[in-house]
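Here, each number is a calculation from the coordinates, and none is a lab measurement. All figures in this text were calculated on a predicted structure; none of them were measured in a lab. Glycine gets a Cβ as well: all are built from the backbone with ideal geometry, and neighbour counts include every protein chain shown.
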Amino acid sequence: MQYLNLMQDHPNLTPAAKQRLEVTLVVPAGTSPDGEIGIKNLEGGLYATVRIYVPIEEYAAQWEALVGDWLPGSGYQPDHRPAGKYHVEICLPVKPL
């Protein structure tokens, strides 16, 4: 089973109490939701990706390295799609400046 955490907010810019996170499961096409569960299709596109193998307490530092160190000089900017793929593979949606 594959699941994704889709982060809606930058953890260093948004207070913790206001951060939004969607926890999702990847399901086969044609799956029908039930109750409060819904289906969301993720857009394709270009992602900056970093794969890391660290204890969970070091995850935030890796996110900051991607967004704070790599992104500013990369020629890309954050896109409107949700960020994050939790397997400690961080995927930041990007588009050319």
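A few notes on this one:
- Whole-number percent relative contact order across the chain, with pairs defined as alpha carbons under 8 Å at least 6 apart: 33
- Fluctuation leader among A48, A29, A65 - the chain, Gaussian network, Cα springs under 10 angstrom: A29
- GluC sites (Glu not before Pro) restricted to DSSP loop in the range 12-69 with at most 10 other C-beta within 10 Å: E36, E43
- Each of S32 and A65 was given a label point 7 Å from its Cα along the Cα-to-Cβ line. The distance between the two points is 4.7 nm.
- Given their separation in residues at 0.36 nm each and the Cα-Cα distance between them, I52 and K40 gain 1.7 nm when the chain is fully extended.
- The region of the chain that goes longest without hitting one of the trypsin sites (Lys or Arg not before Pro) in a DSSP loop, each with at most 11 other Cβ atoms within 10 Å, is 41-97.
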